[in-house]
Amino acid sequence: MTAEFTILGRGRAGRALAEAWGDRVALVESSAKPDGLVLLAVPDDAVPAHAVDFPGRCIHMSGSLHLPKVPCAHPLTSFDGHARDWTGTPLALTGPVPEALRTAFTSLGFLPFELAPEAKPLYHAAAVLACGHAATLWLGAEALLRARGVALPGRGLLPLAEATLRNLAELGAAGRTGPFARGDGATIARDAQALPDPWRQIFMDLGRALD
């Protein structure tokens, strides 16, 4: 079977999508120069240089970067190198993404929507807050506990993370819990005092961010 297009880049996104699409695509190293339609699954800072190699026949995957003559398809997910169930996952499209690629993404459950170029930095910043920064908070919380000799049994903080996301999915803003949501000033002060800098400031700033 002849590949419909090529994924350039063997990072986590490239490998995951290639596994999901199977024989429909070819997965090659970022140094390759394939023919036909090319999906650039490379770091943001490498996109402009690679786009020059495939004028008029490449699409990049950067959620933040906009190149006027290069369309973009950005899946709003966190890839781990393997195919997953992406049903209902937003897919931000900027510019004239070829129908073959749009169809390939929708076949995996992604839901496309049009994203204006000027909105991309804010869109990506929001994604970083919800993903990268959220992961930093969870890992930081675990590190703080370990530093004080607190060893959580079982799955540690993960059940709390899962319950939080489930509540938000089901209840929206009403699913937010904790002392800031309750306005419990005494608990907030006591908790903040237990934290070292810069975590104390992060704790207070995030707690008040939605006020």
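As a proxy for reagent exposure, ranking Met61, Met204 by other Cβ atoms within 10 Å from fewest up yields Met204, Met61.
Expressed in whole Å with the largest first, what are the equivalent ellipsoid semi-axes of the range 92-156 derived from the C-alpha gyration tensor as the square root of 5 times each eigenvalue?
That gives 39, 16, 6 Å for the three semi-axes.
A Cβ-based charge dipole, computed about the Cα centre of the chain with Lys and Arg at +1 and Asp and Glu at -1, lands at about 400 debye. Pair-distance distribution P(r) for the chain, from all Cα-Cα distances in 5 Å bins starting at 0: 1, 6, 12, 16, 16, 12, 9, 9, 8, 6, 3, 1, 0, 0 percent.
Using the Karplus relation 6.51 cos²θ - 1.76 cosθ + 1.60 with θ = phi - 60°, the per-residue 3J(HN,Hα) values for the range 74-89 come to 10, x, 8, 8, 10, 8, 10, x, 10, 5, 10, 7, 9, 4, x, 7 Hz, with x marking Gly and Pro.
If you take the square roots of the eigenvalues of the alpha-carbon gyration tensor of the range 1-89 and sort them as a ≥ b ≥ c, do you get rounded (a/c under 1.5), prolate (a/b over b/c) or oblate? Intermediate results must be reported in sequence, preceding the final value.
On the way: a/c = 1.71, a/b = 1.18, b/c = 1.45.
Note, shape of the range 1-89 comes out oblate.
In debye, nearest 20, what is the charge dipole magnitude of the range 130-191 about its Cα centre with +1 on Lys and Arg Cβ and -1 on Asp and Glu Cβ, if you could check?
Here the size comes out at about 120 debye.
The amide H of Ile7, built 1.01 Å from its N in the peptide plane, has Ala26, Leu27, Val28, Leu39 as neighbours under 5 Å, considering only residues 5 or more places off or on other chains. Could you tell me how many degrees, from 0 to 90 and to the nearest 10, lie between the Cα long axis of helix 158-171 and the main elongation axis, the longest principal axis, of the Cα atoms of the chain? The two axes meet at around 80 degrees.
Please sort 143-156, 40-53 by packing, taking for each peptide the average over its residues of neighbouring beta carbons within 10 angstrom, highest first.
40-53, 143-156
Across the range 21-26, computed HN-Hα scalar couplings (Karplus, 6.51 cos²θ - 1.76 cosθ + 1.60, θ = phi - 60°) run 7, x, 5, 5, 10, 10 Hz from first to last residue, x flagging Gly and Pro. Average projection, convex hull of the Cα set of the range 129-208: 5.8 square nanometres.
Any read-out appearing in this document is the output of simple, stated calculations on the displayed coordinates, not a laboratory observation. This is a predicted model, so every value here is computed, not measured. Heads up, the Cβs are rebuilt from the backbone with ideal geometry, glycines too, and the neighbour counts pull from every protein chain shown.
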